[in-house]
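Structure, as structure tokens:
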């Protein structure tokens, strides 16, 4: 009888200097199953998939693929043996066509040495059609949306006859519709007997698409659970090793005075006629699908990008910020969603990162006052409970959650009156996420107005006192208190499209 | 920044972990490693040739490296910014030529030198404007300026060096004089190194260069005026190049249009040997100074050991690549250990 198990992992241990990244982990991936791998950051998920895909070698333990010993020496070998890995950050060549990317490094040949582009195109076209996409294999990858780039990555893996596809946080930058489409593809692959190892922070998705869930914690496998027999709460308590009673802090009933008012803000096609106000002591949500113009509005307000029309009032006075510096002077802060590209100075120390917005306060006679610099840094490391070996540690070496906290610290250091937070908990573990949520509420209670932009509906619903929903650059509605439900938000987020249809 | 880390580890090492561990950590500091290599080279060299440890040889070598050294100070800051300035050698020549030509047409030499300094500053500002405000690439912009300044030097001199007879003794003093036996030019260089090393570590203005060099977008979003910082850095490299040109003019009392030929390359090499990174956000003035000293020492060794001068470039290149390799392997291992 044929064994149902495709990949068997037995007692895998991996030790990095000072850390046991994986400790005697054993799990099995069956043929045609979607197997979720969940756990907080640092639980060992990346190390495990890196071992499966041949990037790292285990210190002890063994793996079998189809009952044969499987010990890939490098990623290429794992590909040949049928393991496909779609990374969170795409590894495509943007200037090349879809077909060239799919067949990268192994373009079919004709006449001895010439690449047979036609053949590559035809084969890629065939694969694309299987996913009901009308993409042209000749299109350059840089012209594709992230969702379509992901499909190209999946097709690339499939063209190598992959039997186990590893998807690392595949939905982190997809819209709801694109996510649905991806799930279609996953279901389709599953019916063809391809197994999928699905890594995600989003438990609702895991429950929607996966068959079994393996929970990792501190390098060890806690349990493998069948989705049918478990609940999100159980998985979360397994992940953190404690049950989280309340996810979100209690909301604040009475907001204070209006601090910031926006009237009729427009900028080309990015957003039009946006009006709203931010009051002290409240969390205002900016919701909508990705691409609805939420970040664009915030960035324009904070002086990062331009706007063409409209007025902004701060404490009743008309203002316009031409750059971030002016916004910071008025104590308006924007926490970017792009932590690594726009937020942090990865090569520099934690200390240096935190004081960047407060250079004036720590300067005495044109020199950096080291005492002030250190006390300021210590203060925020304590408030935010940043885990670090020292103030001099490079931000590069921190976990995602702690990096996020460093970024928050730099904005708290200016004592903001309005704090825009763009996806403040994206890609960080559950523990750090809850800490940031409680901190946000605490800031609010001290009178700061917070504007939260988030693509996670539960976060918007759990955190916000008031929500503005946008679609295709327009404000489609505003919800307060009890009205803030998933259904209402989704209805408004799709509002304009419905009208057209 | 890094250097503070170094100080801390040294302190901690002395307190807790004894001599061996302390040495291990000290060697993790590029400056310390370089310093030890320089001392070792000097000791070995003094065994091979009695001429090495003579006052005359040391002071000639020191005067010779001062020019490259001052240019490397500016280059370090440009590298921390994540850029570099290819025009420094040409700007150095141009400032000497401008001062020389003015002097020959009857202008007081000090006034002429001042005008030359302004010329150098202007070249730096033009570079800075195009890179910082227009947004051109530093490579292309300074490559253009390199050609323009060199060309202007040739045009002004018709291609041949201008000798400046009867120049004031007070002016000759800055490039060729001595105070208590120490060459003035070397003293000026040491002073610039001390001031700029301190400023790069401690001043708020230069701290901003690290931010821009480490992540330009994040710096801009954090309220740093990126254009101004960039302009400032190229103003600095231009100014230091002009100062070097004027000192060199005073030393030789000749304005040579081909002065400072490939000084920019030697400076970049010295800075990288001293720990600066072409990708920005890293580097110290002391490190670059030690890089300049090491390269000068090797050249001096080759001369004293009667090795053909043609070996100089070859060996400089080998040292540069060794330094980068060292960096690559130390960084790669720390990445794997993460």
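Candidates are the residues of segment A:1-22 that are surrounded by fewer than 19 Cβ atoms within 10 Å (Cβ to Cβ) and modelled with pLDDT of 90 or more; the one that is nearest to residue A:208 (Cα to Cα) is A:5.
When you go through B:160, B:147 one by one, which is the residue that is modelled with pLDDT under 95 and either surrounded by fewer than 16 Cβ atoms within 10 Å (Cβ to Cβ) or in a loop (DSSP other than H, G, I, E, B) (or both)?
Values: B:147 fails: modelled with pLDDT under 95.
The match here is B:160.
If you go through segment A:295-338 and keep only what is closer than 18 Å to residue B:227 by Cα and in a loop (DSSP other than H, G, I, E, B), you end up with A:303, A:304, A:305, A:306, A:321, A:322, A:323. Given the criteria more than 14 Å from chain B (Cβ to nearest Cβ), closer than 17 Å to residue A:418 by Cβ, over 27 Å from the mean Cα position of the chain (by Cα) and free of Cβ contacts under 8 Å to residues at least 60 places away in the same chain, does residue A:309 qualify? So residue A:309 fails the test. Residues of segment B:200-215 that are within 9 Å of chain A (Cβ to nearest Cβ), assigned to a helix (DSSP H, G or I) and crowded, with 18+ Cβ neighbours inside 10 Å: B:201, B:204, B:207, B:208, B:210, B:211, B:213, B:214.
Matching residues to (1) modelled with pLDDT under 95; (2) in a helix (DSSP H, G or I); (3) facing chain B (nearest Cβ under 9 Å):
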{"site": "A:360", "(1), (2), (3)": "yes, no, yes"}
{"site": "A:371", "(1), (2), (3)": "yes, yes, no"}
{"site": "A:382", "(1), (2), (3)": "yes, yes, no"}
{"site": "A:386", "(1), (2), (3)": "yes, no, no"}
{"site": "A:389", "(1), (2), (3)": "yes, no, no"}
{"site": "A:392", "(1), (2), (3)": "yes, no, yes"}
{"site": "A:396", "(1), (2), (3)": "yes, yes, yes"}
{"site": "A:402", "(1), (2), (3)": "yes, yes, no"}
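Between A:330, A:375, the distinction of being touching a strand residue (DSSP E or B) at 6+ places or on another chain (Cβ under 9 Å), more than 8 Å from chain B (Cβ to nearest Cβ) and over 21 Å from residue A:426 (Cα atoms) belongs to A:330 only. Being outside any loop (DSSP other than H, G, I, E, B) and within 9 Å of residue A:394 (Cα to Cα) is the filter; apply it to segment A:339-350 and report the residue that is nearest to the other protein chains (Cβ to nearest Cβ). Applying the filter and picking the extreme gives A:349.
How about segment A:312-327: which of its residues are within 11 Å of chain B (Cβ to nearest Cβ) and within 19 Å of residue B:216 (Cβ to Cβ)?
Passing the criteria: A:323, A:324, A:325, A:326, A:327.
Residues in segment B:169-191 that are surrounded by fewer than 21 Cβ atoms within 10 Å (Cβ to Cβ) and more than 19 Å from residue B:60 (Cα to Cα) were compared, and the one that is farthest from the other protein chains (Cβ to nearest Cβ) is B:169.
Of the residues making up segment B:127-144, those that are over 20 Å from the mean Cα position of the chain (by Cα) and surrounded by fewer than 21 Cβ atoms within 10 Å (Cβ to Cβ) number 8.
Here is the figure for segment A:213-242: residues that are surrounded by fewer than 20 Cβ atoms within 10 Å (Cβ to Cβ) and not in a helix (DSSP H, G or I) total 12.
Assessment of segment A:61-74 against the conditions (at positive phi, free of Cβ contacts under 8 Å to residues at least 12 places away in the same chain and in a loop (DSSP other than H, G, I, E, B)) yields no matching residue.
Table: residues versus (1) at pLDDT 85 or above; (2) surrounded by fewer than 19 Cβ atoms within 10 Å (Cβ to Cβ); (3) more than 23 Å from residue A:456 (Cα to Cα).
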site	(1), (2), (3)
A:156	yes, no, yes
A:178	no, no, no
A:182	yes, no, no
A:189	yes, no, yes
A:196	yes, no, yes
A:199	yes, no, no
A:202	no, yes, no
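The values are calculated or read from the model by the stated rules, or taken from the named source; none is laboratory data. Nothing here was measured: the structure is a model prediction, and the numbers come from that model. Here the Cβ is made from the backbone with ideal geometry for all residues, glycine too, and neighbour counts use every protein chain on show.
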